Amino acid sequence: MSLTPQRPVLAETLMPAFGNAEAGLWLRRAALVAAGIAVLVLAAKIRVPFWPVPMTMQTFAVLSIGAAYGARLGAITLLGYLALGAIGLDVFTSSSAENSGLAYMMGGTGGYLLGFLLAALALGALARKGWDRNPMQMGIAMGLGQVLIFLPGVLWLGYLFADAKGWAWVVEVGVTNFLGAEVLKVALAMLLFPAIWRLVGSARS
């Protein structure tokens, strides 16, 4: 039994259920999942010029959805997104009409896609404990989420390419090139989520 009280997450606070309690709850969930999947697709496809590689906001979107939705709904949203990719829709960062579906998912990015799901679960669980309301705790949660994305990503990348290219190449391509961008995303979340909660509290006072 958890000794830490389970708190409402942002989505529950900002978007109340519609109409009849049970039906309204399912409508809210469906709307949030659809919106979350749309955000994930957009975040994957919009690239920001960044050194040494272009930056997308997808990892930020994954972690933010986990924190804002909670573990269960966040995981459902990620599973829905991955299911769309599995059937061949062009929803991933480097996918295309010619490179999509399960073949794409089993390529170099496959481990990161698994990491997205793990990270959303972790951020959702920590948000239930109120970690997204405190800048330092949100920073730690985001850092943990990044580890859960990059660890399976690098392990799968190593499984595919380490024998041919070496682990130094795997770490550089799979982690080092992205570190600067990921630090910025952690800092953004540390500022954004606690600020939203403060606004929510002010609006209710």
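Listing for the model above:
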{"read-out": "Under 5 Å, built H, 5+ apart or other chain: amide partners of ARG7", "value": "LYS129, GLY130"}
{"read-out": "Packing rank of 150-156, 23-29, where each peptide gets the mean count of other beta carbons within 10 Å, highest leading", "value": "150-156, 23-29"}
{"read-out": "Candidates ALA61, ALA31, ALA127, ranked by Gaussian network fluctuation over the chain, Cα under 10 Å, top entry", "value": "ALA31"}
{"read-out": "Label corresponding to Rg and Dmax of the Cα atoms in Å when calculated from the structure given, among (1) 21.3, 69; (2) 17.7, 61; (3) 17.0, 55", "value": "(2)"}
{"read-out": "Qualifying aspartates and glutamates (Cα of each under 18 Å from Cα of LYS45; at least 8 residues distant if same chain)", "value": "ASP90, GLU98, GLU182"}
{"read-out": "MRE, 222 nm, helices only [DSSP H, n ≥ 4, -39500 (n - 2.57), over the chain, to nearest 500]", "value": "-24000 deg cm²/dmol"}
{"read-out": "Amide H partners (placed H, <5 Å) of MET55, local residues excluded", "value": "VAL48, PHE50"}
{"read-out": "Between the range 58-110 and the range 155-173, the alpha-carbon center distance in angstrom", "value": "22"}
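Laboratory data are not the source of any read-out in this text; all were calculated from the coordinates shown. None of the values given here were measured: they were computed from a predicted structure. Every residue, glycine as well, gets a Cβ built from its backbone with ideal geometry; the counts of neighbours run over all protein chains shown.
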